[in-house]
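Just so it is clear, none of the values below were taken in a lab; they were calculated from the coordinates. Note that the structure is a prediction, hence the values are computed from the model and not measured. As a convention, Cβ positions derive from the backbone with ideal geometry for all residues, glycine included, and neighbour counts pool all protein chains shown.
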Amino acid sequence: MRFAYADPLYIGQAKKHYHCKEVNHTELLLELHREYPDGWALSCSSPSLKIILPWCPSSCRVMAWVKPFCSFKPNVNPAYAWEPVIVYGGRKKERAQPTIRDFVSANITLKKGVHGAKPKQFWFWLFDVLGIQQSDELVDLFPGTGNGSIYLEEYKKQTEVPNSSQG
């Protein structure tokens, strides 16, 4: 199966953090739905959720990355201590498989070179949510630090099934 993850610049943040133009989220969602019918996930900010969600298929789920430790901004109270993750599709779970929660609790990363870099715990949770297996592909559309592909290989190694023909 072929999945995608998109963590684009959040609506209204492109110029502020990166001095570039905004990502067209409508086009991005069309691409995700057209190119990745097996499943995809999209991270966004909580203020942009009400804008993005109407553009998503009705079968999408809103999940959460909850941040016990996060950056507190002056004059922002309550703090932004979670991020929505919109998920479409994924591999269907069997009854005997452990149930995956619709949230992950993981601290933010620091000093990774880009705003919003996701921690390892986030990535492993996302792989579980999508039901990624050994032969699957995950395309990271906005790779940032590039850690997604590194963590995917690590995840696949820990979920390898030993070959029963080997002693």
Exercise for the section: Go through the stretch 44-64 residue by residue and tally those that are in contact (Cβ under 8 Å) with a residue 12 or more places away in the chain and either assigned to a strand (DSSP E or B) or small (Gly, Ala, Ser) (or both). Expected result: 8
Practice task
Out of TYR155, TYR88, report the one residue that is of a type outside the set (Val, Ile, Thr), in contact (Cβ under 8 Å) with a residue 24 or more places away in the chain and in contact with a strand residue (DSSP E or B) (Cβ under 8 Å, 6 or more places away or on another chain).
Solution key: TYR88
Exercise for the section: Give the residues of the stretch 90-140 that are more than 19 Å from ALA41 (Cα to Cα) and either in a strand (DSSP E or B) or among the basic types (Lys, Arg) (or both), sorted by residue number. Expected result: ARG95, LYS111, LYS112
Handout entry: Residues located in the stretch 39-53, provided they are on the phi < 0 side of the Ramachandran plot and either surrounded by fewer than 17 Cβ atoms within 10 Å (Cβ to Cβ) or among the small types (Gly, Ala, Ser) (or both)
Key = ALA41, SER43, SER45, SER46, PRO47, SER48, LEU49, LYS50, ILE51, LEU53
Handout entry: Sole residue being in contact with a Gly (Cβ under 8 Å, 6 or more places away or on another chain), in a strand (DSSP E or B) and buried (at least 17 other Cβ atoms within 10 Å of the Cβ), chosen from TYR5, TYR10
Key = TYR5
Problem - Filtered residues of the stretch 13-38 (kept if of a type in the set (D, E, K, R) and either outside any helix (DSSP H, G or I) or crowded, with 18+ Cβ neighbours inside 10 Å (or both)) - result: LYS21, GLU22, ASP38
Handout entry: Pair list, Cβ under 7 Å, 6 or more apart: the stretch 94-111 residue touching a residue at least 40 places away in the same chain (Cβ under 8 Å) and under 19 Å from VAL66 (Cβ atoms), other residue part of a strand (DSSP E or B) and of a type in the set (Phe, Trp, Tyr)
Key = VAL104/TRP65; ALA106/TRP65
Handout entry: Which listed residue, of ALA79, ALA41, is free of Cβ contacts under 8 Å to residues at least 24 places away in the same chain, of a type in the set (A, V, I, L, M) and not in a helix (DSSP H, G or I)
Key = ALA79
